[in-house]
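Working notes, structure below.
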Amino acid sequence: MVKRAAKRDEDINARLAVIEERLETVLAELADIRKHIPATMVEHSERIEVLERSVRAIQWLGGILATALVAAFIGHILGV
């Protein structure tokens, strides 16, 4: 029984060692990738997203204003 537990512990330790090694490899690769992608790129993409949302809001407001003007013009023509 003790040998089985010891064997099981050895298996678990071996698996954990492999997992730890792979995690270290992944973290090292991520660190290398981070060197190639500066933080300013991320900041710029966030700013671009904010600008895109602002442009969409302006387009919606322009569409509402145009609809209101057309409706007012038609109402004036029909004399409503």
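Quick notes
Conditions (1) surrounded by 10 or more Cβ atoms within 10 Å (Cβ to Cβ); (2) at pLDDT 95 or above; (3) under 39 Å from the mean Cα position of the chain (by Cα), marked per residue:
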site: Ala5; (1), (2), (3): no, no, no
site: Ala17; (1), (2), (3): yes, no, yes
site: Ala31; (1), (2), (3): no, no, yes
site: His36; (1), (2), (3): no, no, yes
site: Thr40; (1), (2), (3): no, no, yes
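- Among the residues of the range 61-80, those that are surrounded by fewer than 10 Cβ atoms within 10 Å (Cβ to Cβ) and assigned to a helix (DSSP H, G or I) comprise His76, Ile77, Leu78.
The values are calculated or read from the model by the stated rules, or taken from the named source; none is laboratory data. Predicted model, so just to flag it, every value in this text is computed and none were measured. Positions of Cβ are generated from backbone atoms using ideal geometry, with glycine treated the same way; all protein chains shown enter the neighbour counts.
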